[in-house]
Every structure is written in structure tokens, then in C-alpha cells.
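Structure first, commentary second.
The values are calculated or read from the model by the stated rules, or taken from the named source; none is laboratory data. All values derive from a computational prediction rather than experimental measurement. Here the Cβ is made from the backbone with ideal geometry for all residues, glycine too, and neighbour counts use every protein chain on show.
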Amino acid sequence: MEGLKEEVSKRIFEVLRRSLYVLRVDSGSCNGCEIEIFATLVPQYDVERFGIKLVASPRHADAIIVTGPVTRQFAPVLRRVYEMVPEPKVVIAVGACACGGGIWYDSYAVEGGVDRVIPVDVYVPGCPPHPAAILHGILVALGILEQKIRGGRYEEGIGDWRKPLAIELIESSPLEISWELYRELNSIARRMLGYLYGSNILKEYLEMLAKCRSIEDLRSAARILVEKHGRDPQVELAIDAMNKAVERYLAKRRKNGE
Amino acid sequence: MSILKVVRHSIKRGVVTILYPRVPIEVDEFYRGLPKLDPRLCIGCGACANACPPEAIRVEDRDGRKVWRIFYGRCIFCARCQEVCPVGAIELSKEFEAASRSREDLVFEAIFEGAKCRACGRYTGVTRREVELAKEILSLSETPRELVEKLSEYASMCSDCKRKLLREKLAGVWRGGGS
């Protein structure tokens with residue numbers, strides 16, 4: 001750690017002969033990004049240990065951090081602020097709005113991104129970005145850390161499609177469950193537990209269902225699953241409902257078979 | 001006296017600074033970081049592009065192929081793409097260090113082959129993987145077997161050819177006297 005701190009300070013000193021002063025410009029942001037920028041100053045992240053300091057005037061600044069989608073009213077001001085910062089200067093766009101307009105990308109009232117008004121050196125996406133991501137962005141702008149994200153490209157080859165996990169589990173199930181039952185289980189899990197937690201639970205439930213040979217198996221395995229999730233009453237309810245759906249499905253199929 | 005209180009408190013707490021760039025940071029279990037596409041699972045249906053509030057994800061046709069494109073700069077990490085994805089191809093990772101010097105590094109592109117119509121050979125407007133998935137789902141559903149085969153045939157036809165087929169069938173029924 002000490003090594004990095006010295007490295008940063010040395011690099012800043014080489015270029016500027018003093019600490020790096022940063023100006024924060026709010027160009028119509030919702031203040032979410034501001035809160036995260038100030039969070040990088042709290043003892044937990046402590047950006048000042050690198051000799052990076054917030055200042056109030058563009059004439060004192062070496063770098064500007066711009067947040068917000070640049071409202072039309074603010075665009076000339078931002079241009080002036082940029083001109084007021086003495087050379088050499090660095091512009092860091094923080095947040096989804098500053099990087100590409102965010103959810104206001106096509107609004108008539110905004111320019112839609114800082115790079116439409118002034119040249120940007122480093123983009124820090126996020127809504128809002130993690131304080132550590134802002135710290136990383138500043139260090140990337142100074143040329144101390146390497147950027148981690150790279151653009152990518154994929155082209156489909158012949159036969160490299162992988163079947164979704166749900167289909168593989170349904171195919172391997174000895175109970176011969178159908179796609180309609182899967183849809184029902186999916187809707188129960190999402191309705192009762194939310195999409196993220198629900199789909200995690202559904203995945204575990206399907207993996208369990210793919211191993212069960214009978215309804216008794218399923219009941220005992222479901223009890224273990226509930227235990228695993230710490231007897232969460234909501235999970236218990238959802239798994240009960242899913243068990244009932246499977247039972248209904250099996251009963252219906254037996255009736256149709258007869 | 002209050003400054004003594006502060007000093008006492010800080011001695012009690014010790015150093016709280018996370019040595020971040022040297023030591024990787026641990027985020028919460030449900031932290032929503034960069035959405036990552038698994039291009040081998042994706043079918044290119046464009047449900048994520050429909051759901052995306054800032055249109056960070058876009059799916060467009062390019063000579064019959066579907067081009068899936070994400071611009072991380074505009075992404076608001078709402079996870080709605082993960083919510084709507086029918087095959088679970090896109091998931092929000094725990095990665096957050098997305099600082100980049102150029103816009104191009106914030107773009108990921110995936111290109112999927114379009115399906116060609118079985119009858120006329122033109123592009124149908126859906127991808128090959130979508131057709132394959134539709135056939136898989138049909139074979140697993142409770143639909144009767146003979147209907148499944150017929151529907152699977154229709155799945156790989158363009159809408160014009162399907163309409164033509166239906167017209168011919170209706171005409172046949174008309175000529176045959178409703179048989």
C-alpha cells in the first residue's frame with residue numbers, strides 16, 4: 001500500500017509539483033453521484049491519502065469531475081469552466097448521465113453526455129458509481145492504474161448455442177415435467193420471492209426436482225431446501241406452493257392417462 | 001473536551017481505511033455491477049433491449065443478422081435485462097471498476113445469425129437460436145405430438161410464406177366443399 005501511495009504522489013508531483021486539486025462540477029445531476037464522490041473522501045476510502053483534494057474554484061483545479069447529463073442551460077457554463085481550468089487539465093465524467101446521457105439520453109432539455117460539450121479523458125460509468133470505482137477512475141486518469149474494461153465482440157459460430165439450464169433440467173427429470181409446469185413454477189417463484197431471489201430459489205428447486213423420482217421424494221427434499229434457507233417463512237410458503245403445483249400437475253396427468 | 005472524545009473514539013476504532021487499489025474490495029451479495037452477457041446462451045430475442053430504460057442495450061438488424069450491443073456508459077444497473085431474459089443469458093456481475101479512457105472500450109457487441117425461411121430462403125427476422133429454442137419448448141410442452149411437428153415446421157417459415165400457406169389451405173377447403 002505504502003508503495004502505491006508514494007507512486008501516486010510522485011507521479012502527481014512530477015507533473016504538477018504539488019497535490020492534485022479536483023473541482024467537482026454538477027451539471028444537472030440528481031446528486032446521487034455527488035454523494036458517492038463525497039463518500040470517496042470519508043475515512044473508509046480516503047482519496048486524500050493520495051494527495052487528491054477537492055477545491056471550490058476552477059482556477060485552482062487541475063482536474064474536473066463532471067456529473068449529470070449537462071442540461072442545455074448549463075452547457076455554456078461548463079464550457080467556460082473548462083476554459084478556466086489551467087493546463088494541463090483532466091476531465092473525468094462520473095455516472096451514467098455524464099458518460100452517455102443516462103435515462104435522459106434523448107431528452108430535449110439535456111445535451112446527453114459531457115463529451116458532447118467538452119473533451120472527456122476518463123469515463124466512470126455507474127448509477128451511481130461505487131466510491132472505489134470513482135477512486136479507480138481518478139487513478140486511471142492519472143495513468144497510475146490500468147483500465148480493466150475492454151470492448152468485446154462475439155460472432156455466432158455453427159452449433160455453439162448452449163441450451164438454457166431450465167430446459168436441460170426439465171429434460172433430465174424422471175417425473176417428466178412439462179414446459180407449462182415450469183412456467184407455473186417460475187411465476188410462483190417470481191410472484192412470491194421477487195425475480196432475483198425467486199430465480200435463485202427456482203434454480204435450486206429445479207435441480208432438486210430433476211433428482212426426485214416420486215412426490216414423496218420431492219416433499220422430503222423440499223424440507224431440506226427450506227432448512228437450507230434458514231426456515232425463511234416466505235421461502236417456505238413459495239416452496240409449498242411449488243410442491244402443490246407439481247402435485248396438481250401429476251394428478252392431472254394420471255387422470256388423463258387413465 | 002470534545003476533541004478528546006474524538007481522539008478516544010479514533011483510537012478505539014483504529015484504522016478504517018480500506019487499502020483499495022492494492023486490496024480488492026468486497027461488495028454486497030446483491031450488488032449490481034456490470035451486466036455481462038453470456039453470448040453462448042443468448043438467443044438474440046431483444047427482450048432486454050425492450051426493457052432497458054436508457055436503451056443502453058440495443059438490438060438491430062444488419063443484413064439479416066441480429067446485432068446485440070450494450071453501451072456500459074449509459075447503463076443504470078437496474079437489472080431489468082436480467083429480469084426479463086428468458087434464457088438467463090445476461091446477469092449483473094460484481095464488477096464495478098469500469099473506468100475507461102475511450103467510449104469504444106465501453107461497448108460489447110454480439111452478432112447472431114438470422115434464420116432463413118424454409119420455403120422462400122429469405123431472412124425471417126428472427127435468429128436461428130430463437131427457432132431452435134421454440135422447437136425445444138414445443139417438444140417439452142403438453143401440446144399433442146402431431147401438432148408439435150406442424151408448429152415446428154411453421155417456426156422456421158417467414159410470415160409471408162405462412163400467410164400464403166394458410167391462403168392455399170383455405171382455398172383448398174373452399175374448393176373441397178369444407179372437408
From the set of residues in region A:70-88 that are β-branched (V, I, T) and closer than 26 Å to B:F77 by Cα, which is nearest to the other protein chains (Cβ to nearest Cβ)?
-> A:V70
Go through A:A221, A:A166 for me and flag whichever is among the small types (G, A, S), over 27 Å from B:C42 (Cα atoms) and in a helix (DSSP H, G or I).
-> A:A221
Looking at this structure, is A:D121 more than 25 Å from B:C75 (Cα to Cα) and among the charged types (D, E, K, R)?
-> no
Filtering region A:22-53 down to residues that are assigned to a strand (DSSP E or B) and at pLDDT below 90 yields A:I52, A:K53
Count of region B:58-78 residues which are touching a residue at least 24 places away in the same chain (Cβ under 8 Å) and at the interface with another protein chain (Cβ under 7 Å from one of its Cβ atoms) | 5
Among (1) free of Cβ contacts under 8 Å to residues at least 60 places away in the same chain; (2) surrounded by 20 or more Cβ atoms within 10 Å (Cβ to Cβ); (3) within 12 Å of chain B (Cβ to nearest Cβ); (4) closer than 21 Å to B:L34 by Cα, which single condition is A:T67 missing?
-> (3)
Which members of region B:125-153 meet the condition of being away from chain A (no Cβ under 12 Å) and closer than 24 Å to B:I70 by Cα?
-> B:G125, B:V126
Unique residue being under 29 Å from B:C85 (Cα atoms) and modelled with pLDDT under 90 when the list is A:A221, A:A245 | A:A221
Among the numbered conditions (1) surrounded by fewer than 18 Cβ atoms within 10 Å (Cβ to Cβ); (2) β-branched (V, I, T); (3) not in a helix (DSSP H, G or I), tell me where A:I177 comes up short.
-> (1)
A:V77 versus (1) at pLDDT 90 or above; (2) touching a helix residue (DSSP H, G or I) at 6+ places or on another chain (Cβ under 8 Å): which is the lone unmet condition?
-> (2)
Pairs with Cβ under 6 Å, 6+ apart, first in region A:225-244 and surrounded by 15 or more Cβ atoms within 10 Å (Cβ to Cβ), second not in a helix (DSSP H, G or I) | A:V235/A:H229
Of all residues in region A:22-36, count the ones that are buried (at least 18 other Cβ atoms within 10 Å of the Cβ), closer than 17 Å to A:V85 by Cβ and not polar (S, T, N, Q).
-> 4
Could you grab me the full set of residues in region B:14-26 that are more than 7 Å from chain A (Cβ to nearest Cβ), hydrophobic (A, V, I, L, M, F, W, C) and under 36 Å from the mean Cα position of the chain (by Cα)?
-> B:V23
Search result, residues across region A:114-132 that are at the interface with another protein chain (Cβ under 10 Å from one of its Cβ atoms) and either of a type in the set (A, V, I, L, M, F, W, C) or closer than 18 Å to A:E34 by Cβ (or both) = A:V120, A:V122, A:Y123, A:V124, A:P125, A:G126, A:C127, A:P128, A:P129, A:H130, A:P131, A:A132
Result of the Cβ filter at 9 Å on region A:141-159, keeping first residues that are without any contact (Cβ under 8 Å) to a residue 60 or more places away in the chain and partners that are loosely packed, with under 11 Cβ neighbours inside 10 Å, at least 6 apart or interchain, is A:G151/B:E104
Could you say which residue among B:E142, B:E83, B:E97, B:E91 is assigned to a strand (DSSP E or B) and touching a helix residue (DSSP H, G or I) at 6+ places or on another chain (Cβ under 7 Å)?
-> B:E91
Are any residues in region B:79-96 more than 8 Å from chain A (Cβ to nearest Cβ) and either without any contact (Cβ under 8 Å) to a residue 24 or more places away in the chain or of a type in the set (S, T, N, Q) (or both), and if so, which ones?
-> B:S93
Which one is nearest to the other protein chains (Cβ to nearest Cβ), of the residues in region A:89-113 that are surrounded by 23 or more Cβ atoms within 10 Å (Cβ to Cβ) and part of a loop (DSSP other than H, G, I, E, B)?
-> A:G101
List pairs: first in region A:188-210 and in contact (Cβ under 8 Å) with a residue 24 or more places away in the chain and at negative phi, second hydroxyl-bearing (S, T, Y) and part of a helix (DSSP H, G or I), Cβ under 8 Å, 6+ apart or cross-chain?
-> A:A189/A:S199; A:A189/A:Y205; A:L206/A:Y182; A:A210/A:S172
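Matching residues to (1) part of a strand (DSSP E or B); (2) at pLDDT 85 or above:
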| residue | (1), (2) |
| --- | --- |
| A:R153 | yes, yes |
| A:I158 | no, no |
| A:G198 | no, yes |
| A:E204 | no, yes |
Kindly indicate whether any position in region B:36-57 is outside any loop (DSSP other than H, G, I, E, B), touching a helix residue (DSSP H, G or I) at 6+ places or on another chain (Cβ under 9 Å) and facing chain A (nearest Cβ under 10 Å).
-> yes
Output the residue which, of all residues in region A:180-206 that are over 21 Å from B:D38 (Cα atoms) and among the acidic types (D, E), is surrounded by the most Cβ atoms within 10 Å (Cβ to Cβ).
-> A:E184
